[in-house]
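So the structure is just underneath, and the comments pick up after that.
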Amino acid sequence: MTEMQRKTRQDDRDEMRRWTAERIPDRTGQVHVVTGANSGLGLATSRALAHRGGHVILAVRDEARGRRAAAEITAGHPGARLDVRRLDLADLDSVRAFAERLHAEHARVDLLVNNAGVMAPPRTLSAQGHELQFAVNHLGHFALTGLLLDLLAAGDDPRVVTVSSLNHRKGALRFDDLDGERGYAPMPFYDQSKFANAVFGHELHRRLTAAGSPVRSVLAHPGYSATHLQTGAPVATVRVLFGHLLKPFAQAPDRGALPQLYAATAPGVEGGQFFGPDGRGELRGGPSLVPLSPEAADPATGRRLWEVSERLTDVRFDLRGRAAE
């Protein structure tokens with residue numbers, strides 16, 4: 001690499017680090033779906049997209065909280081185009097109902113942000129009998145993405161942004177015990193779910209590229225951000241540690257959302273890229289390209305998770321734009 005190339009690359013990195021939500025291109029006329037949009041990173045993401053003219057569908061489990069979030073966004077930006085729609089990612093019937101309603105209401109979706117998540121509950125099973133963190137953080141988003149793929153394929157510069165975590169680097173898939181029947185611990189199973197997010201986002205990119213799809217799959221993580229995910233964690237030790245003792249070191253949700261907003265909207269973003277904060281340990285800072293763990297990028301792991309996810313959700317992707325159940 002020449003000195004000029006090195007300088008250009010460094011200038012590009014510096015420019016990315018200085019990026020803020022004010023630099024989001026105009027989103028007028030574009031349709032955005034953000035899961036977990038009623039608080040934290042989802043609310044910050046929805047607010048930023050709405051402020052740039054986007055039509056934002058707030059996909060939330062609790063519609064009352066979703067309406068309060070919409071009112072908060074509208075108070076700061078009168079005229080914002082917002083819809084609140086119920087989506088319980090822990091229930092695949094709810095995912096299908098949400099997707100069916102979206103098909104009835106829209107001819108296309110330009111952006112899907114797979115943002116919602118739960119963290120470190122006691123062992124709980126979803127409506128279909130899957131461990132809750134794996135069900136909400138991964139399986140629900142896997143099914144949702146597949147069921148909306150035809151709408152995304154019709155979108156303008158369509159992207160799927162899947163929000164993972166620093167913890168994906170500590171995670172592994174327990175294919176012989178995904179539901180924790182033989183041994184459950186809240187944080188390791190959270191790490192498993194975020195590892196699954198990373199594997200899914202990368203494998204989706206690989207499959208979309210091979211199929212020649214216009215949809216891009218991009219990954220992001222927020223570093224350490226102060227959200228309800230930590231302060232509302234059901235396990236007291238997790239809540240005290242991450243939600244209170246370490247909270248002074250966390251960045252605000254508006255700041256933590258920048259990597260996923262960059263992935264969602266910045267020109268030049270490529271499928272398969274992973275964005276996170278640029279600070280020490282990727283805990284804080286402006287958006288930057290960060291490495292995906294080699295384990296998450298392993299094609300064999302990607303194929304195996306994909307096959308398991310198809311079986312558990314009954315959703316099979318047609319990468320030309322349709323999802324068949």
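Each reported figure results from applying straightforward, stated rules to the coordinates on display, with no laboratory input. Predicted model only: the values in this text are computed from it and were never measured. Positions of Cβ are backbone-derived with ideal geometry, glycine not excepted, and every protein chain shown enters the neighbour counts.
Charge tally around R86: other residues with Cβ under 13 Å, Lys/Arg +1 each, Asp/Glu -1 each, net -1.
If you take every residue apart from G66 with its C-beta less than 10 Å away from the C-beta of G66, what net charge results, scoring Lys and Arg +1 and Asp and Glu -1? Net charge around G66: +3. Each Cα pair under 8 Å and six or more residues apart adds its separation to the average, and for segment 89-213 the resulting relative contact order is 31 percent. One decimal place: the segment R86-E72 gains 3.2 nm when fully extended, by the rule 0.36 nm per residue minus the C-alpha distance. Here the spin labels are modelled as points 7 Å beyond Cα on the Cα-Cβ line, and at A210 and E63 they lie 4.1 nm apart. Relative contact order for the chain: 19 percent, from Cα pairs under 8 Å spaced at least 6 residues apart, divided by residue count. Highest mean packing comes first when the peptides 106-115, 175-184 are listed by Cβ atoms within 10 Å, giving 106-115, 175-184. Working note: 222 nm ellipticity from helices only, DSSP H runs with n ≥ 4, each -39,500 (n - 2.57), summed and divided by the residues of the chain, gives -12000 deg cm²/dmol to the nearest 500. Applying Stokes-Einstein at 4 °C and 1.567 mPa s to the Kirkwood radius of the chain, computed over alpha-carbon pairs, gives a translational diffusion coefficient of 66 µm² s⁻¹. Measuring r between the beta carbons of D26 and D176 and using R0 = 41 Å, the FRET efficiency lands at 0.25.
Working ranking of peptides 32-41, 71-80 by packing, defined as the average number of other Cβ atoms within 10 Å per residue, highest first, is 32-41, 71-80. Measuring between their Cα centroids, segment 105-127 and segment 42-67 lie 14 Å from each other.
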